[in-house]
Amino acid sequence: EAQVTQNPRYLITVTGKKLTVTCSQNMNHEYMSWYRQDPGLGLRQIYYSMNVEVTDKGDVPEGYKVSRKEKRNFPLILESPSPNQTSLYFCASSGFNTEAFFGQGTRLTVV
Amino acid sequence: DAKTTQPPSMDCAEGRAANLPCNHSTISGNEYVYWYRQIHSQGPQYIIHGLKNNETNEMASLIITEDRKSSTLILPHATLRDTAVYYCIVRVALGGSYIPTFGRGTSLIVHP
């Protein structure tokens, strides 16, 4: 089954403790992206990647890092999380002439 | 990519058709119209897309005006499960791969 898998689905952490949210797709897609969703602000793009070793900033990249060492994985790294990064996060992937597929989301709370 | 304008909210009675409009008056000739929806904090889900002609699939129909400046997503027999936020996105098929950027969408509430 074609899917984008995010882990964990829920995470509560403390300010400053580094964390990684993983994203994996099994469709051999070139494009991958991370979004965050906050009430009243909609879905905002954090980072995206056009292919392996190619990443670029989206609209709200501050406080986040990503890497694309292999095609299927696109982890989101928060080196020093802060409470304003409490949000619902989505990973997505897209292939040649396909629509975008989204993961089920990661609800992150930073206290 | 062209900007889109959608009403912030709509409601519809269960079993009736839901017609969701989208304005994209600055659309270019090579830009497609895509629709996604997001059901209560789940990941967005692709619905349908089109370039010029009207399109239909098992989920919905997409009607694009002749001048392509607006479109309407039609859910022919809305159910309670269709309550969601619907996003209209215009994008160019650049090299085939693309990740959408989202506006605020239309919050559709289907009531009994």
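Does A:Thr98 qualify as being more than 20 Å from B:Gly103 (Cβ to Cβ) and not in a loop (DSSP other than H, G, I, E, B)? Spell out how you get there, then give the answer.
On the way: more than 20 Å from B:Gly103 (Cβ to Cβ): yes; not in a loop (DSSP other than H, G, I, E, B): no.
No; evaluated as a whole, the condition is false for this residue.
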Practice problem: Pull up the range A:78-97, narrow it to residues that are in contact (Cβ under 8 Å) with a residue 40 or more places away in the chain, among the hydroxyl-bearing types (Ser, Thr, Tyr) and surrounded by fewer than 22 Cβ atoms within 10 Å (Cβ to Cβ), then point me to the one that is nearest to A:Arg44 (Cα to Cα). | Solution: A:Ser87
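Might you check whether a residue that is within 12 Å of another protein chain (Cβ to nearest Cβ), in a strand (DSSP E or B) and at pLDDT below 95 occurs anywhere in the range B:65-86?
At the first step, the residues of the range B:65-86 found to be within 12 Å of another protein chain (Cβ to nearest Cβ) are B:85.
Now drop any that are not in a strand (DSSP E or B), which leaves B:85.
Still in the running and at pLDDT below 95: none.
No, the conditions are met nowhere in the range B:65-86.
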Exercise. Kindly establish whether B:Arg37 is under 21 Å from B:Gly103 (Cβ atoms) and part of a loop (DSSP other than H, G, I, E, B).
Key: no
Practice problem: Could you check A:Val66 against (1) under 12 Å from the mean Cα position of the chain (by Cα); (2) facing chain B (nearest Cβ under 9 Å); (3) among the aliphatic types (A, V, I, L, M) and say which number it fails? | Solution: (2)
Quiz item: Looking at A:Gln37, A:Gln25, A:Gln6, which one is of a type outside the set (Phe, Trp, Tyr), within 24 Å of B:Gln45 (Cα to Cα), more than 11 Å from every other protein chain (Cβ to nearest Cβ) and surrounded by 12 or more Cβ atoms within 10 Å (Cβ to Cβ)?
Solution: A:Gln25
Exercise. Please enumerate the residues belonging to the range A:9-18 that are surrounded by fewer than 14 Cβ atoms within 10 Å (Cβ to Cβ) and of a type in the set (A, V, I, L, M, F, W, C).
Key: A:Ile12, A:Val14
Practice problem: Filter the range A:59-77 for residues that are outside any strand (DSSP E or B) and buried (at least 19 other Cβ atoms within 10 Å of the Cβ) and give the result. | Solution: A:Tyr64, A:Arg68, A:Phe74
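The values are calculated or read from the model by the stated rules, or taken from the named source; none is laboratory data. What you are looking at is a predicted structure, and each value in this text was computed from that prediction instead of being measured. Every residue, glycine among them, receives a Cβ derived from its backbone with ideal geometry; neighbour counts consider all protein chains shown.
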